[in-house]
């Protein structure tokens with residue numbers, strides 16, 4: 001079976017896991033986490049580790065998920081007036097980091 005099925009299932013499963021623990025984390029750390037964002041980040045971290053250890057080689061899918069996180073970070077910045085001007089820096093820096101990370105794991 002294609003790896004995309006497993007990745008999409010992981011995102012869905014991790015979404016519900018994050019949704020279940022979200023109230024605890026929100027209360028304990030006084031933050032409001034996004035379950036979807038946490039699921040995507042968790043998925044690409046796992047996929048990154050699987051790529052590093054050559055269990056799975058799927059840099060395109062990994063790049064897509066990481067790009068979603070970069071876009072999500074800029075969306076969060078949009079809500080903070082002081083950070084709005086730094087969106088382009090996050091896009092450029094995030095893209096650069098993802099590019100060289102994926103190039104490194106090759």
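Each reported figure results from applying straightforward, stated rules to the coordinates on display, with no laboratory input. Predicted model, so just to flag it, every value in this text is computed and none were measured.
One decimal place: the segment residue 55-residue 80 gains 5.0 nm when fully extended, by the rule 0.36 nm per residue minus the C-alpha distance. Multiplying the residue separation of residue 99 and residue 87 by 0.36 nm and removing their Cα-Cα distance gives an extension gain of 2.5 nm.
Across all directions, the shadow cast by the convex hull of the chain built on its C-alpha atoms averages 7.5 square nanometres.
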